[in-house]
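A short worksheet on the structure shown next.
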Amino acid sequence: MNDENKKIGITEKNEKSYIGQAKGIYAAIQEHLTPEYRKQYKVRKFFSCLLLFLLLDGVSVINSNVFTSIIVPLIWTIVAWLFWHYSFWSYQGGIIDKFSRNIIYFGSIWSLIWKSVVQNIVILIWIAFIAPFSGIKTWRKAVKYNKTLSVDNGHDNPWK
């Protein structure tokens, strides 16, 4: 009976240790972002990751395997959620960002609006899709050089 109590105590201690480690990793990820930067893009982050999950889930429905149709898109979306801000930071000022800003549109007003909306949605999905790679790489550089990332866009934040 005493051995069983020791095993239960060890198991509970390990579970608390894993939860503590997960909280520590999450805090380390958030540590290199300014609070204003984290607050500024919450809506984009939410819609970006939601669209990514729906896209990955729709693509993986072709497979009848539960693991590939639900769990893989969910894990990819969770990792994208954690590192989205880093991916967005590395996206800004890059080749794709400059190209998408400098596209010249021709057509009616509704086609122009449609193209700009679709273009922004595709860019948000792209940022979320590459977040597990680009975001982790940017985060590791921020940790290596001990930098806190922020976006200085020159606008005053009315929510301060």
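With R₀ set to 22 Å, the beta-carbon distance separating N120 from F46 gives a calculated FRET efficiency near 0.90. Students often get this wrong: which residues of region 23-55 have the backbone nitrogen under 15 Å from the point 7 angstrom along Cα-to-C-beta of Y105? Backbone N within reach: none found. Ordering 121-131, 51-61 by mean Cβ neighbour count within 10 Å, with the highest value first, yields 121-131, 51-61.
With the simple spin-label model, which puts each label point 7 Å out from Cα in the Cβ direction, the T148 to I113 separation comes to 4.1 nm. Using every pair of alpha-carbon atoms in region 20-145, split the distances into 5 Å bins beginning at 0 and state the percent of pairs per bin, rounded to integers. For region 20-145, the binned pair fractions read 2, 10, 17, 19, 18, 14, 10, 6, 3, 1, 0, 0 percent. Once backbone amide H atoms are built at 1.01 Å from N, L149 has L33, T34 as its partners under 5 Å, excluding neighbours fewer than 5 places away on the same chain.
Measuring against 22 Å, Cα to Cα, the residue pairs K115/K137; K98/K147; K23/K137; K39/K115; K45/K137 contain K115/K137; K98/K147; K39/K115 as the ones spanning a longer distance.
Determine, from the Cβ-Cβ distance of I71 and R140 and an R0 of 35 Å, the FRET efficiency 1/(1 + (r/R0)^6), rounded to the nearest 0.05.
After rounding to 0.05, the efficiency reads 0.85.
No value in this document is a laboratory result; all are computed from the given coordinates. Note that the coordinates shown come from a computational prediction; the quantities given were computed from them, not determined experimentally. Ideal geometry is used to build each Cβ from the backbone, glycine not excepted, and the neighbour counts take in all protein chains shown.
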